[in-house]
1. Evaluate 2.2 N^0.38 Å with N set to the residue count of the stretch 187-298, then give the Cα radius of gyration divided by it.
2. So, R0 is 41 Å and r is the distance between the beta-carbons of residue 213 and residue 106; what FRET efficiency does that work out to, to 0.05?
3. Mind checking the per residue accessible area of the chain for me, 1.4 Å probe, whole number of Å²?
4. Mind ordering 178-186, 207-215 by average Cβ neighbours within 10 Å, highest first?
5. Viscosity 0.890 mPa s, temperature 25 °C: what is the translational diffusion coefficient of the stretch 32-81 from Stokes-Einstein with a Kirkwood Rh over Cα pairs, rounded to a whole number of µm²/s?
6. Can you pull the Rg over Rh of the stretch 67-180, Cα-only, Kirkwood?
7. Would you mind putting 89-99, 167-177 in packing order, based on average other-beta-carbon counts within 10 Å, highest first?
8. For the stretch 156-214, what is one quarter of the convex hull surface built on the Cα atoms, given in nm²?
Amino acid sequence: MKKINYLYILLLTMVSVAACQDEETGIPPKPQGITYGSVTDKAGNTYKTLTIGNQTWLAENYRYALPNGSLDGCVTYGESYGSDREILNGTNQNAYQNFCRSHSGQRFLLYLSEALFNAGEEGKIPAGTGTGQSIWLSQQVRNYNIPQLITMSGTLLTPVEEVLMTIWNDAIDYHFNVDKDYLSRFGYLYSYEGALRAVQEGAPDGFHLPTDAEWMVLERKLGMNPAELEGLENWRGEYAGELLKAGEQGIGFDALYGGAAVYALSTAYNSRYANRNKGAYFWCSDRVFVSDSLSNGIVRHISLYETGIRRTTSRLISSPTVVRPSYNVRLVKTITKKEEK
């Protein structure tokens, strides 16, 4: 009988030690009652969602494309920035020809001309009379952009208009280093103004850019101490960030380390791309007013190297010549009592 008691005590001790060790790993239990679904934005992009409490969040980064790309504050990681896109898609022939004479313009033309020639070789652009249509086009694009040529040619280029526009847009993406693989995995990085516009134009019905308070509601659901919620520029919620990361320990929010164009004092008012594969950054809709002429945006930061969630700020720069501070976007929808029924 005593032997059995000793074994029983030993077993209880082992279970207690194991429980303590589980607690030492730090990751809190997942909240109960989470459900999953999907939603589609106005451009036809479909996203996974998760519903926790009365909030439904995108479980993927937003990837609604703004029409003028970087000029509208919509980029992929490392994408170059400037006014060239306006020239390339515009109707100012002199501006386009001046661009084509520049070093970067020559590089753009070489890529475009090769793409046109290859399309001709593959039969995507039928050979015309004389030198052939693809060769003629490769000569003409030194003076006119493809949209202008399509407009000027009347019905001549109508049969291959779709092919030409695909080649043209691919050349523009090449010029601006648009990373399609990054886009499919991480979505776009948006400036603050770009995020507001992309949400206004393309968000699924009922979804919006989350407020700082809505992020806090989620953080409370993840077990964050209410006393930590207002903390700024520091890591809060000892292990709450782990629940938002991809992996078995997460709740399905699947924050991925897409990096960002991060505002940093070391680069004055310019931003620099940083922390790809190391950090995930998400805009809030709220701003912190520093003075009458200056305000900062509020950003959530999740790091590969940290277990919490950092609540930080970023300058709201809208310069037309430099990369703006740009971060990923997750949208949220608040479920009303009527919808719950």
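The values are calculated or read from the model by the stated rules, or taken from the named source; none is laboratory data. Nothing here was measured: the structure is a model prediction, and the numbers come from that model. Cβ sites come from the backbone with ideal geometry, for glycine too, and all protein chains shown count toward neighbours. The protein model used for the area step is the full one, side chains on, heavy atoms only, and it has no ligands, DNA or RNA in it. Shrake-Rupley method; radii C 1.70, N 1.55, O 1.52, S 1.80 Å.
1. Numbers: Rg = 15.2 Å, N = 112, 2.2 N^0.38 = 13.2 Å.
With N residues counted in the stretch 187-298, Rg over 2.2 N^0.38 Å equals 1.15.
2. On the way: r = 52 Å, r/R0 = 1.26.
E(calc), rounded to 0.05, equals 0.20.
3. 52 Å²
4. Values: 178-186: 15.4, 207-215: 19.2.
Highest mean packing first, the order is 207-215, 178-186.
5. Details: Rh = 12.8 Å.
It comes out at roughly 192 µm²/s.
6. Numbers: Rg = 14.1 Å, Rh = 14.6 Å.
Rg/Rh: 0.97.
7. Working: 89-99: 14.2, 167-177: 18.0.
Top of the packing list down: 167-177, 89-99.
8. On the way: hull surface 26.6 nm².
Projected over every direction and averaged, the Cα hull of the stretch 156-214 covers 6.6 nm².
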